[in-house]
Amino acid sequence: RWWLGLTFGDILDQAVDLYPRREALVTEDARLTYHQFVENVNQVAIALLELGIKKGDKVLIQLPNWKEFFFIFFGLHKIGAVAVLGLPRHAEREIEHLCNLTEAAAWIVPSQYRKTEYHPLINSIRNKCSELKWTIVVGDDVPESAVSYHDTVGKIDLKRYPSDYLERHRPDPLDLANILLTGGTTGLPKGVPRTHNDHICNGY
């Protein structure tokens, strides 16, 4: 009974049922209860579905410790997509490698983080990764070839969808949830696939 038969989305929903008014996330620009947090997650999940991301699609997340990272992480798990957990400091060589290694359908990246502007990287990667369908940019300065995260999510009105809308997209706990990265002798990251059951078991 090490495996609980739960997904990351299930665990979040359980927390919301138990502690809807408790704080779930505190960042520099937000303080959200579990109820507010899951509303943001569900909005992102539906936005990703509307964009075309589907169950099993690999999505490379290259975001710092922002609130958007957590919305996207759980949003992907609500629809059965797979989060590939990159790092903000990864440069062109690593991102190209990860996109091709995982056959990522989407890549989520900031427009700018600290002193790094990602426009040159975004334009270069789009030409090097044939499987990449969507580059989703978090920030105000979005290249023409990319999709604005805030515009895409902002179009979703949860009132237009039934309360159980996302349940039909719930993955199986034995489905792939995340691909973690590890270093190696090649100097390029390797991917470690983890299912919902397996990854959650290691967290309990």
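For region 13-126, what is the number of Lys pairs with C-alpha distance below 21 angstrom, counting only pairs 8 or more positions apart or on separate chains?
Counting lysine pairs in region 13-126 gives 6.
Sorted by mean Cβ packing within 10 Å, highest first, what order do the peptides 158-164, 143-149, 113-119, 133-139 take?
Answer by packing, highest mean first, reads 133-139, 143-149, 113-119, 158-164.
Determine the calculated [θ] at 222 nm for the chain from helices alone, applying -39500 (n - 2.57) to every DSSP H run no shorter than 4 residues and normalising by the residue count; nearest 500 deg cm²/dmol.
Here the helix-only value at 222 nm equals -11000 deg cm²/dmol.
Given a 1.4 angstrom probe, what's the average accessible area per residue across region 1-71, in square angstrom?
Value returned for region 1-71: 56 Å² of accessible area per residue.
Name the residue farthest towards the positive end of the dipole of the chain from the options 25, 8, 166, assuming +1 on Cβ of Lys and Arg, -1 on Cβ of Asp and Glu, about the Cα centre.
Farthest along the dipole direction, towards plus: 8.
Tell me the Rg and the Dmax, in Å, that the Cα atoms of region 41-126 produce.
Rg, Dmax (Cα atoms, Å): 12.5, 35.
Report Rg (one decimal) and Dmax (nearest whole number) for the chain, counting Cα atoms only, units Å.
Every Cα atom of the chain included, Rg and Dmax give 16.6, 51 Å.
Residues with beta-carbon under 11 Å from that of residue 111, excluding residue 111: net charge, scoring Lys, Arg +1 and Asp, Glu -1?
-3
Please report how far the C-alpha centroid of region 151-189 lies from that of region 76-126, rounded to the nearest whole angstrom.
Cα centroid of region 151-189 versus Cα centroid of region 76-126: 15 Å apart.
What does the charge count near residue 4 come to, summing +1 for each Lys or Arg and -1 for each Asp or Glu among other residues with Cβ under 14 Å from its Cβ?
-3
Among DSSP bridges having both ends in the chain, what percentage is antiparallel? Round to the nearest 5.
45 percent
At 1.4 Å probe size, with every protein chain present, just tell me what the per residue accessible area of region 152-192 comes to in Å².
I get 64 Å² per residue for region 152-192.
Over region 1-102, what is the percentage of antiparallel beta bridges among all DSSP beta bridges, to the nearest 5?
Here the antiparallel bridges make up roughly 50 percent for region 1-102.
Leaving out ligands, DNA and RNA, and with a 1.4 Å probe, what % of the accessible surface on region 132-204 is carbon or sulfur?
Heavy-atom surface of region 132-204 belonging to carbon and sulfur, 1.4 Å probe: 49 percent.
Using a 10 Å cut-off on Cβ atoms, rank the peptides 78-88, 19-29 from the highest mean neighbour count down.
Those peptides, ordered most packed to least, come out 78-88, 19-29.
Within the chain, which whole H helices from DSSP have a Cα span along their axis of at least 20 Å and a mean Kyte-Doolittle hydropathy of -0.5 or more, if any?
34-51
The values are calculated or read from the model by the stated rules, or taken from the named source; none is laboratory data. All values reported here derive from a predicted model rather than from experimental measurement. Please note: Cβ atoms are built from the backbone with ideal geometry, for glycine as well, and neighbour counts cover all protein chains shown. With ligands, DNA and RNA removed, areas are computed over all heavy atoms of the protein, side chains included. Shrake-Rupley method; radii C 1.70, N 1.55, O 1.52, S 1.80 Å.
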